[in-house]
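Undergrad: I'd like to ask you about the structure that follows.
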Amino acid sequence: MLLEGLNRRKAINLLDHLPIGHFMLQRPSCYSAANNQAMLNSQRIFVDAIKRYCAAHGIAIELHAEGWLVVMQRGEKRFLAFGYDLGLNSALAHRIAHDKSATADVLAMCGVSCVPHALFMNPQLKSQIPARGSWEAMLALLERHRRGVVIKPNEGTAGQCVFLASTRSALERAVNRIFSAHASLSISPYLEIEEEVRVVLLDGIPLAVYGKHRPAVVGDGERSLLELALASLPAEQQSKLLPGMLADFDHCALKTIVPPGERRVLNWRHNLESGAWPSILEKGPTRDACVGLAVNAARAIGIRFASIDAVRVAGSWQVLEVNSAVMMEALGRLHPELVYAAYGAALDKVFG
């Protein structure tokens with residue numbers, strides 16, 4: 001009872017003493033809950049995996065740029081890792097995968113089922129875009145997709161600066177925020193995603209296949225959506241999830257009592273940095289379908305080492321994104337040995 005009372009007071013304080021509009025005005029233009037998670041670059045499991053591999057194989061290693069650049073030396077040969085890139089992919093494959101619109105175009109041309117992403121350039125780049133028509137084209141997409149559209153940086157990562165818009169004003173706010181920091185954006189239809197799976201692939205071989213699950217609560221007829229979230233989520237997950245909830249749900253939705261037995265998803269995103277969690281996918285039809293789709297996507301782009309996100313919509317699987325930077329920090333917190341093995345297999349290719 002005491003804990004329940006504390007959660008109720010915490011929910012009231014969040015809503016009444018930190019108004020939603022105030023919160024949104026005070027945050028950076030492109031906010032991600034991942035920004036709350038302080039972690040040095042040198043502390044990433046990616047870097048630790050390289051250190052372990054090099055120690056086991058007698059390879060000299062140096063960290064530069066606070067761990068963002070890793071220099072590996074074996075004899076006369078020097079190898080580099082930058083960010084989450086081990087250098088296995090060609091520059092062209094890396095650039096295509098990093099560009100959401102280009103990825104969707106290539107996959108569609110190759111007959112690989114995928115979520116379409118329409119490209120729009122920042123109007124400040126006047127010499128590279130048509131004189132007019134971009135805003136009208138954005139509005140046409142919003143009109144075509146009545147459930148809403150998802151707006152994100154065309155070359156963004158880690159789920160940062162991703163917005164859902166179902167009205168003209170929300171679309172305009174999202175576009176302005178992204179263009180304040182990025183040269184381009186992409187717009188895709190908002191889909192009722194039934195399931196999302198990530199496949200980490202190396203030369204056509206799956207190294208890790210796992211689902212991404214959004215946090216949800218079940219109503220009890222007594223507590224509001226926000227109270228249920230505070231009561232059911234651990235503190236670490238709250239710090240990731242609450243900023244997104246305050247931005248995505250209006251004041252009334254957060255305070256409304258959830259009916260008994262009704263399940264409510266707390267985040268429309270499946271992003272691991274926004275509160276979703278990974279679970280290893282066992283062998284079976286779902287895993288086979290996702291791996292097959294990922295292999296076809298990788299072959300179309302010509303990419304060797306990548307993480308490929310597949311989503312199930314209305315019972316059918318399609319590619320959402322291809323990531324040339326293979327980041328597995330969230331998975332590593334639950335299954336570190338799997339992550340070490342995956343990066344180790346990729347490093348075998350680097351030094352092989």
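Undergrad: Can you find a residue that is assigned to a loop (DSSP other than H, G, I, E, B) and under 23 Å from Ile50 (Cα atoms) anywhere in region 309-321?
TA: No: zero hits.
Undergrad: Sort through Arg287, Arg269 and tell me the only one that's crowded, with 18+ Cβ neighbours inside 10 Å, farther than 28 Å from Glu236 by Cβ and of a type in the set (Lys, Arg).
TA: It is Arg287.
Undergrad: Also, quick follow-up: Can you say whether Arg144 is charged (D, E, K, R), within 19 Å of Met121 (Cβ to Cβ) and either out of contact with any Lys or Arg (no Cβ under 7 Å at 6 or more places or on another chain) or modelled with pLDDT of 90 or more (or both), as far as the supplied structure shows? Working first, answer last.
TA: Values: charged (D, E, K, R): yes; within 19 Å of Met121 (Cβ to Cβ): no; either out of contact with any Lys or Arg (no Cβ under 7 Å at 6 or more places or on another chain) or modelled with pLDDT of 90 or more (or both): yes.
No: the conditions fail for Arg144.
Undergrad: Next up: On the given criteria, is Gly284 modelled with pLDDT of 90 or more and either of a type in the set (Phe, Trp, Tyr) or closer than 23 Å to Gln160 by Cβ (or both)?
TA: Considered against the rule, which asks whether it is modelled with pLDDT of 90 or more and either of a type in the set (Phe, Trp, Tyr) or closer than 23 Å to Gln160 by Cβ (or both), Gly284 comes out as no.
Undergrad: Based on this model, can you work out whether Ala276 counts as crowded, with 21+ Cβ neighbours inside 10 Å, more than 22 Å from Val112 (Cβ to Cβ) and either assigned by TED's automatic domain parsing to the domain that holds Val162 or of a type in the set (A, V, I, L, M) (or both)?
TA: Answer is yes for this residue.
Undergrad: When you check Glu155 against the structure, is it touching an Asp or Glu at 6+ places or on another chain (Cβ under 8 Å) and of a type in the set (D, E, K, R), yes or no?
TA: Answer is yes for this residue.
Undergrad: Of the residues Met121, Met109, which single one is more than 21 Å from the chain's Cα centre (by Cα) and either acidic (Asp, Glu) or at pLDDT 95 or above (or both)?
TA: Result: Met109 is the single residue among Met121, Met109 that is more than 21 Å from the chain's Cα centre (by Cα) and either acidic (Asp, Glu) or at pLDDT 95 or above (or both).
Undergrad: Would you check if there is a residue in region 30-40 being outside any loop (DSSP other than H, G, I, E, B), exposed (fewer than 13 other Cβ atoms within 10 Å of the Cβ) and modelled with pLDDT under 80?
TA: Scanning region 30-40 turns up no residue that is outside any loop (DSSP other than H, G, I, E, B), exposed (fewer than 13 other Cβ atoms within 10 Å of the Cβ) and modelled with pLDDT under 80.
Undergrad: On the basis of being buried (at least 19 other Cβ atoms within 10 Å of the Cβ) and either at pLDDT below 95 or within 26 Å of Ala102 (Cβ to Cβ) (or both), does Ala314 make the cut?
TA: No; evaluated as a whole, the condition is false for this residue.
Undergrad: Restricted to region 150-188, and to residues that are of a type in the set (Val, Ile, Thr) and under 15 Å from Asp248 (Cβ atoms), which residue is modelled with the lowest pLDDT?
TA: Val162
Each row is one residue, and each column tells you yes or no for (1) surrounded by fewer than 20 Cβ atoms within 10 Å (Cβ to Cβ); (2) in contact with a strand residue (DSSP E or B) (Cβ under 7 Å, 6 or more places away or on another chain).
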{"residue": "Leu164", "(1), (2)": "yes, yes"}
{"residue": "Asn176", "(1), (2)": "yes, no"}
{"residue": "Ser186", "(1), (2)": "no, yes"}
{"residue": "Pro189", "(1), (2)": "yes, yes"}
{"residue": "Glu195", "(1), (2)": "yes, yes"}
{"residue": "Ile205", "(1), (2)": "yes, no"}
{"residue": "Gly211", "(1), (2)": "yes, yes"}
{"residue": "Glu222", "(1), (2)": "yes, yes"}
{"residue": "Ser239", "(1), (2)": "yes, no"}
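Undergrad: Check Ser180 against each of (1) crowded, with 18+ Cβ neighbours inside 10 Å; (2) over 26 Å from Ile280 (Cα atoms) and name the one condition it does not meet.
TA: Evaluating Ser180 over (1) crowded, with 18+ Cβ neighbours inside 10 Å; (2) over 26 Å from Ile280 (Cα atoms) leaves (1) as the failure.
The values are calculated or read from the model by the stated rules, or taken from the named source; none is laboratory data. Here the structure is a predicted model, which is why all the values come from computation and not from measurement. Cβ atoms come from the backbone with ideal geometry, glycine included; neighbour counts cover every protein chain shown.
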